[in-house]
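Peer 1: One structure, pasted below without further comment.
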Amino acid sequence: MEIIELYTLKEQDIQDLLGLMEELDSSVKVTHEILKAAAESPETHLFAAVEDGRIIGTASLCITHHPLGLKGSVEDVVVSPQARGRHIGRKLMEHIIEYARTLAPIELHLTSRPAREKANLLYQALGFRQHNTNVYKLSL
């Protein structure tokens, strides 16, 4: 298994990513165009865990410049059900953290539903601390 950054997507990559996004949140309609835009965006670093030519996990780091400094948002961390239990999520997160260190100083943020107990324990083990804030969402 290796972790790579995706800059362009082949059809098989798109199919693998669509399956992973379905695992992450089946209520969101992800399209080929959305995935291609994410891979091609200079602000988004789309990382994939690849094994035997197939994407078995993914996570993205979205970089933004703010008046208070550089911030990174870790998004869409997901591993295929068949590959779970092999610490692939941890490896993806460690890869993102090491990549972000090259951009330091930077502040990393992520959100995770409370029901994702194992993911939340992983994030805490990696040094993320729960921030006392409200998260709001407005879908347009």
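Peer 1: Can you name the number of the only condition in (1) within 23 Å of GLY19 (Cα to Cα); (2) outside any strand (DSSP E or B) that VAL77 fails?
Peer 2: (2)
Peer 1: Let me ask something else. Against the definition (exposed (fewer than 14 other Cβ atoms within 10 Å of the Cβ) and at pLDDT 95 or above), how does ILE4 come out, yes or no?
Peer 2: It is true that ILE4 is exposed (fewer than 14 other Cβ atoms within 10 Å of the Cβ) and at pLDDT 95 or above.
Peer 1: When region 103-140 is examined, which residues are found to be under 16 Å from VAL78 (Cα atoms), touching an Asp or Glu at 6+ places or on another chain (Cβ under 9 Å) and part of a loop (DSSP other than H, G, I, E, B)?
Peer 2: Residue satisfying the conditions is THR111 alone.
Peer 1: Let me ask another. From the list GLY89, GLY57, which one is surrounded by 15 or more Cβ atoms within 10 Å (Cβ to Cβ), in contact with a Lys or Arg (Cβ under 9 Å, 6 or more places away or on another chain), modelled with pLDDT of 95 or more and not in a strand (DSSP E or B)?
Peer 2: That would be GLY89, the only listed residue that is surrounded by 15 or more Cβ atoms within 10 Å (Cβ to Cβ), in contact with a Lys or Arg (Cβ under 9 Å, 6 or more places away or on another chain), modelled with pLDDT of 95 or more and not in a strand (DSSP E or B).
Peer 1: From the list LEU92, LEU70, exactly one residue is out of contact with any Pro (no Cβ under 9 Å at 6 or more places or on another chain), among the aliphatic types (A, V, I, L, M) and over 18 Å from ASP25 (Cα atoms). Which is it?
Peer 2: Unique residue meeting the criteria: LEU92.
Peer 1: ASP25 versus (1) without any contact (Cβ under 8 Å) to a residue 12 or more places away in the chain; (2) at negative phi; (3) over 17 Å from the mean Cα position of the chain (by Cα): which is the lone unmet condition?
Peer 2: (3)
Peer 1: While we're here: Name the pairs whose Cβ atoms lie under 6 Å apart, with the first residue in region 1-20 and under 20 Å from MET93 (Cα atoms), the second surrounded by 15 or more Cβ atoms within 10 Å (Cβ to Cβ) and polar (S, T, N, Q), and 6 or more positions between them or separate chains?
Peer 2: LEU20/THR58
The values are calculated or read from the model by the stated rules, or taken from the named source; none is laboratory data. Note that this is a predicted model, so its numbers are computed, not measured. Heads up, the Cβs are rebuilt from the backbone with ideal geometry, glycines too, and the neighbour counts pull from every protein chain shown.
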